[in-house]
Amino acid sequence: MKTKLITLILFASLSFPVLACDICGCGVGSYYLGILPDFSDKFVGLRYQSKLLTTHLGPGGERTPLTSDESYRSIEAWGAWNFGSKWRVMAILPYNFNSRALENGSLKGQKEGLGDVVGILNYKLFESRITTSNSKMLAHSLWLGAGVKAPTGKYEDGEQLMPDSPNNFQLGSGSTDFLVNAAYDIRLMDFGVNVNTSYKLNTENRYDYRYGNKFTGNLLAYYKFNIKQKVRVAPNVGLLYESQSPDLLYNRYEVYQSGGDLLSNVVGVEVNMGPLSLGANYQIPLSQNLAHDRALAGNRLMTHVSFNIRGKKKEEPTLFGM
């Protein structure tokens with residue numbers, strides 16, 4: 001029965017439709033990580049994300065002749081390196097594929113190219129394991145981190161249809177931005193809960209445009225299953241909350257159709273087979289208020305395949321979200 005349940009969860013997580021979107025700023029993206037591969041030292045891999053966003057909606061959320069259906073997909077090379085028992089460095093290099101079409105058919109566009117590279121340095125503040133009175137193992141840890149996003153992706157001035165309209169259709173933000181994050185994980189035997197938060201501080205680019213700062217927080221619960229001591233499956237479920245302030249033009253004028261809040265349900269799974277890790281993460285919006293209700297985010301999908309460089313495994317999954 002357990003094997004059938006695990007198979008069903010894995011199949012469902014890997015076969016969802018390819019629909020997705022980051023909160024306001026699909027083109028330049030956020031850097032949500034979800035659960036990291038279950039490796040102890042170093043890993044490299046590829047991630048695939050696909051996103052969908054509808055913009056330029058009418059005051060009541062209805063479609064207008066200017067309504068734009070936008071699709072954002074990316075393939076990302078990513079990796080992490082542990083230094084000693086306290087430090088971890090992670091890097092993400094995306095290659096983006098953007099497309100859009102207006103409701104009236106007057107404008108269609110496509111872009112592809114390198115996105116903005118990001119580097120993150122994390123420090124493990126503490127890690128503790130104790131045995132409870134009923135002989136169960138309880139473990140918890142706290143990580144703190146900071147990072148920087150470099151403007152390696154192309155930013156094109158004049159992409160906005162109007163001064164107060166979204167400026168999402170970009171390969172990069174054109175700015176150097178900064179990230180800080182914290183993650184707390186607690187696990188009793190095979191059941192665990194992870195709480196993490198991050199804040200992205202954006203700067204103004206040379207075209208006098210500044211994307212809004214963004215807060216992200218999520219709560220994930222997971223459970224580990226071991227199959228014949230060869231395969232480890234860790235399904236997870238939880239909530240993701242994102243809040244982004246409005247974009248600024250000339251560092252003073254707010255872009256009306258930008259910023260907002262989004263609450264999503266998260267369903268995912270991680271599978272480890274020796275040096276190979278496979279994962280999928282699906283996010284379903286529960287409530288949203290984006291760009292003063294002039295934008296609508298759809299579901300999101302993120303998958304990855306990663307490889308352990310040294311072939312060592314951790315004793316438990318590591319959760320670390322951005």
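Quick notes
- Residue in region 146-158 that is farthest from the chain's Cα centre (by Cα), counting only those that are under 23 Å from L93 (Cβ atoms) and surrounded by fewer than 17 Cβ atoms within 10 Å (Cβ to Cβ): E156
- Count - residues of region 163-184 that are farther than 22 Å from L52 by Cβ and over 18 Å from the mean Cα position of the chain (by Cα): 5
- Listed conditions (1) of a type in the set (A, V, I, L, M); (2) under 23 Å from G259 (Cβ atoms); (3) more than 18 Å from the chain's Cα centre (by Cα) are all met by V118, apart from (3).
- Contact annotation: no residue pair with Cβ atoms under 7 Å, 6 or more positions apart or on different chains, pairs a residue in region 287-303 that is without any contact (Cβ under 8 Å) to a residue 12 or more places away in the chain with a partner that is β-branched (V, I, T).
- Residue count, region 197-219 (criterion: part of a strand (DSSP E or B) and crowded, with 18+ Cβ neighbours inside 10 Å): 7
- Hits in region 117-152 (condition: in a loop (DSSP other than H, G, I, E, B) and either of a type in the set (A, V, I, L, M, F, W, C) or in contact with a Pro (Cβ under 6 Å, 6 or more places away or on another chain) (or both)): V117, A150
- Residue match in region 153-166 (condition: among the small types (G, A, S), without any contact (Cβ under 8 Å) to a residue 12 or more places away in the chain and closer than 30 Å to Y253 by Cα): yes
- Residues that are of a type in the set (K, R) and more than 17 Å from V237 (Cβ to Cβ) were ranked within region 275-322; the one that is modelled with the highest pLDDT is R294.
- Put simply, of Y256, Y222 the only residue that is crowded, with 22+ Cβ neighbours inside 10 Å, over 15 Å from the mean Cα position of the chain (by Cα) and more than 22 Å from S74 (Cα to Cα) is Y222.
The values are calculated or read from the model by the stated rules, or taken from the named source; none is laboratory data. This is a predicted model, so every value here is computed, not measured. Quick reminder, even Gly has a Cβ in these numbers, built from the backbone with ideal geometry, and neighbours come from all protein chains shown.
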